[in-house]
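Encoded as structure tokens, the structure appears first; notes follow it.
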């Protein structure tokens with residue numbers, strides 16, 4: 001009986017990609033995986049009255065070959081048919097490993113030099129907090145740091161969330177996510 005191992009390189013390639021990103025970790029003092037966010041991370045508008053404060057984020061263990069980072073915050077549960085982009089910040093230098101709370105406020109000079117905050121689905125450049133429809137149940141907010149294989153993403157200032165997400169994903173060599181929760185009853 002002869003056993004064929006033609007699939008082995010494909011499996012090993014998949015394992016090595018996962019292993020490279022295995023040490024890449026995102027953490028926060030403000031949000032936690034599977035836990036409800038505070039009112040500080042709720043949007044201020046659209047019927048919500050929160051602090052609209054982006055959470056503190058820090059990361060470590062970026063994969064070899066990382067040339068820059070991007071941060072995204074996305075709600076797949078928004079009743080839009082396409083989810084909701086709460087935050088996209090691109091072109092974070094590879095030597096940066098954290099963002100302080102409030103860095104998503106475009107009026108604050110807390111974003112890293114050379115980075116760009118893209119327009120979110122509220123139509124604002126910067127962070128827009130959670131504001132699920134009242135009585136819609138728990139929403140999942142995926143805060144993700146992406147290690148990118150390029151120094152800079154070239155995007156128009158008014159790029160859509162979908163275009164920005166596409167370019168981020170096309171250049172991601174590793175990522176780490178905190179999936180925080182929020183609901184309004």
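May I ask you to list the residues in the stretch 75-88 that are crowded, with 22+ Cβ neighbours inside 10 Å and either under 17 Å from residue 181 (Cα atoms) or free of Cβ contacts under 8 Å to residues at least 60 places away in the same chain (or both)?
Within the stretch 75-88, 84, 85, 86, 87 qualify.
Read through the list (1) in a loop (DSSP other than H, G, I, E, B); (2) on the phi < 0 side of the Ramachandran plot; (3) loosely packed, with under 14 Cβ neighbours inside 10 Å, then give the number of the only condition that residue 159 fails.
Going through the list (1) in a loop (DSSP other than H, G, I, E, B); (2) on the phi < 0 side of the Ramachandran plot; (3) loosely packed, with under 14 Cβ neighbours inside 10 Å, residue 159 breaks only (3).
Quick check on the stretch 167-185: of everything there that is in a helix (DSSP H, G or I) and over 16 Å from residue 116 (Cβ atoms), which residue is farthest from the chain's Cα centre (by Cα)?
170
How many residues, within the stretch 57-74, are over 22 Å from residue 163 (Cα atoms) and either crowded, with 23+ Cβ neighbours inside 10 Å or in contact with a strand residue (DSSP E or B) (Cβ under 7 Å, 6 or more places away or on another chain) (or both)?
Here the count works out to 8.
Looking only at the stretch 105-147, how many residues end up being assigned to a loop (DSSP other than H, G, I, E, B), within 16 Å of residue 56 (Cα to Cα) and out of contact with any helix residue (DSSP H, G or I) (no Cβ under 6 Å at 6 or more places or on another chain)?
Summing the residues that are assigned to a loop (DSSP other than H, G, I, E, B), within 16 Å of residue 56 (Cα to Cα) and out of contact with any helix residue (DSSP H, G or I) (no Cβ under 6 Å at 6 or more places or on another chain) in the stretch 105-147 gives 10.
Within the stretch 48-63, which residues are out of contact with any helix residue (DSSP H, G or I) (no Cβ under 7 Å at 6 or more places or on another chain) and either modelled with pLDDT under 95 or under 21 Å from residue 27 (Cβ atoms) (or both)?
54, 56, 57, 58, 59, 60, 61, 62 - these are the residues of the stretch 48-63 that are out of contact with any helix residue (DSSP H, G or I) (no Cβ under 7 Å at 6 or more places or on another chain) and either modelled with pLDDT under 95 or under 21 Å from residue 27 (Cβ atoms) (or both).
The values are calculated or read from the model by the stated rules, or taken from the named source; none is laboratory data. Here the structure is a predicted model, which is why all the values come from computation and not from measurement. So basically every Cβ, Gly included, is an ideal-geometry build from the backbone, and we count neighbours across all protein chains shown.
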